[in-house]
1. Just order B:78-84, B:398-404 by mean Cβ neighbour count inside 10 Å, highest at the front, would you?
2. Heavy-atom accessible surface, probe 1.4 Å, ligands and DNA/RNA ignored: which residues of the range A:36-79 lose at least 20 Å² versus the isolated chain?
3. Whole-Hz ³J(HN,Hα) for each residue in the range B:276-290, computed from phi via Karplus 6.51 cos²θ - 1.76 cosθ + 1.60 with θ = phi - 60°, x for glycine and proline: what do you get?
4. Per DSSP helix of 4 or more residues, -39500 (n - 2.57); summed, then divided by the residues of chain B. What does that give at 222 nm, rounded to the nearest 500?
5. Take the alpha-carbon centre of the range A:204-245, take the same for the range B:378-435, and report the distance between them in whole Å.
6. On alpha-carbon atoms, Rg over Rh for chain B using Kirkwood Rh?
7. Using only the alpha-carbon atoms, how far is helix B:368-383 inclined from the longest principal axis of chain B? Give it as 0 to 90 degrees, nearest 10.
8. Assuming R0 = 25 Å, what is the FRET efficiency of residue A:54 and residue A:172, from their Cβ-Cβ distance, to the nearest 0.05?
Amino acid sequence: MKKVLIIGATSAIAEATARLFAKRGDKLFLLARNTEKLTVIARDLKVRGAKEVFTGSFDALDMEAHAGLLDSAIAQMEGIDTVLIAHGTLPDQKNCEASAAETLSAMNINALSVISLLTHLGNVFEKQGAGSIAVISSVAGDRGRQSNYVYGAAKGTVSIFLQGLRHRLCKAGVHVLTVKPGFVDTPMTAEFPKGPLWAQPDQIASAIFKALEKKKSVIYTPGFWALIMLIVRLVPNWIFHKTKL
Amino acid sequence: MLISGWGRYPSIDAEVSQPRSLSEIKSDISGRDGFRGIARGQGRSYGDSSIANNIISTAHFSRFHDFDAKSGCLSCDAGVSISDILDVFVPKGWFPMVTPGTKYVSVGGAIASDVHGKNHHLVGTFCDHLYSFQIMVANGDVLNCSKSENRDLFIATCGGMGLTGIVLNATFYLQKIKSSFIDETTYKARNLKECFELFEVNAGADYSVAWVDCLQQGDNLGRSLFMLGKHNEQAGLRETSNSGPSIPFNFPNIALNKYSVRLFNQLYYSRVRSKMRERQVHYNPFFYPLDGIRNWNRLYGANGFVQYQFVLPKDAGLVGMTLILEKIAASGAGSFLSVLKAFGKANANLLSFPFEGYTLALDFKVNDKVLNLLNELDAIVSDYGGRVYLTKDARMSEQTFKKGYPKWEEFQKVREKYGAQGVFSSLQSKRLGLG
């Protein structure tokens, strides 16, 4: 039995992962903005075998409240072994190009709010000298592309921050996992036409679950994205600039 | 999007929506003009009962609500599958009261087909253990249904092929088990008569089913393996992986012919060496032998297949079944894994398939010759007072349907009362004259 905090627990990937924690008999604390949906998810996880499920309302942008919220969640669970940070939005790239406010708001929710949480959690985990911190980043953060670079910049920020945090916390015995999913069929991507590269949330969930058990540092999921992103990163600009990626 | 049933015949270009909330379902049904469609869960009905121009998938309705560990009463969304239930509840010592031959059916689908299992002779159908459900009807209202509340809608929806509305969630009972293993006993029956006798003698057995070699004729007509099962009490609640091989592509049409099927059947029958064999097997191979082979429907080639399942009344069983098996054997079009089972008494649900007697299920590769043969079989089934299972059907005539299901008029009245006509319909319901 582990004590797991899930932030952004109504997201499709978080819910699918929570089902695996529940099956193991974990104690769960779920944080999300939509508490009505959270109640329905909590009920499901309880039936699936979670030892106990707590829920709480969470506003990613109310960063001053983060530390208090995290402390109270950890206190209610009487400790913490694992945290999964899964909240986020997919901003409209064109709107962001037209408006600095849109861009900054996308950066706030997808990058700064995560950094705010991680700063506090990093200290908590460092002090206890054990546990796992898993954060859902994205393949989009590996290289800026004209079609999606605001989201990519936010996720890239998170990925680099996690690299540093991992470097710092490994000395304390704390495991930091960066999850880089490719295209996933979730409400966030409902508007996109789906093709063979798309994965279901439960595939991502079982990859996260395994990576936590094996204490991996960075995973691309499904795994073939590691190869795709290797190529995307290596393509020289004179070719890259001719693409519409 | 091209959609078909599990038999992959027929298929239709359909608009599929995947709502995530009640309000999204409501706007799918009533928010736009001209919705004419059907709910779909795992798409495991064989023919055209879950296909229509508009399809509402219950894929995102996959949450459990509540479980009472005293009574075994479970509430969950209609999109939860039997497989999900097994994953969560077998380790805790619970098992569905009734399970069909695949675990990849949704609870909504199990209700719509009022599915039966190898224990029908003792415990009846899935809906016989259904306490209540909630359904969204054509005007978007959500109604509670049980044997005491909105009873007319309850008995029309159980076995009603999704034609009354969208089932949202359900409350039903699981049974307590002490082990995830089954004590299986297999008898070899040389012909149909011996097989029927085994069903008679073993009427008190928990689970029973027979696999029939449909290509045998004369004295060997109906040669079969008769299998009994009961939940083991000691072997523990272990899980095993059920992921065997996958069929990666459509087999060429020629692959399944009467020689290859005859060879398969011979090997399958001969694998059991003695007159009687006892062994302990996990619940997966016992209940879901084909689920271990992913995409097994591709074995039948790109044109797909039809499954044909009928029931004959008990007193007509041996004579009628003999006649039908003779016809199939003579045509040489038989399939592997033809399944014979004795049913117990019927329930009150208007379109539920089972009644007391014998049922046989067979697969056929789709072609004109087979479709003609099935029309001939329909006539025999009708003559003997039997009927054909809607969940397997892709081709039965309106006339055959209405003769086999005499309560269809009462069913239509309930649909009319709840505004279902002209809203909830499938390719099958149109073909059968239900609109």
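The values are calculated or read from the model by the stated rules, or taken from the named source; none is laboratory data. A quick note: this is a predicted structure, and the numbers were derived from the prediction, not measured. Cβ placement follows ideal geometry from the backbone for every residue including glycine, while neighbour counts extend to all protein chains displayed. With ligands, DNA and RNA removed, areas are computed over all heavy atoms of the protein, side chains included. Shrake-Rupley method; radii C 1.70, N 1.55, O 1.52, S 1.80 Å.
1. Ranking the peptides B:78-84, B:398-404 by packing returns B:78-84, B:398-404.
2. In the range A:36-79, residues shielded by partner chains: A:40, A:43, A:44, A:47, A:48.
3. Per-residue couplings from phi come out as 9, 10, 10, 7, 10, 10, 5, 4, 4, x, 6, 8, 10, x, 8 Hz.
4. -7500 deg cm²/dmol
5. 52
6. 0.95
7. 90
8. Working: r = 26 Å, r/R0 = 1.04.
Working from the Cβ atoms, E equals 0.45.
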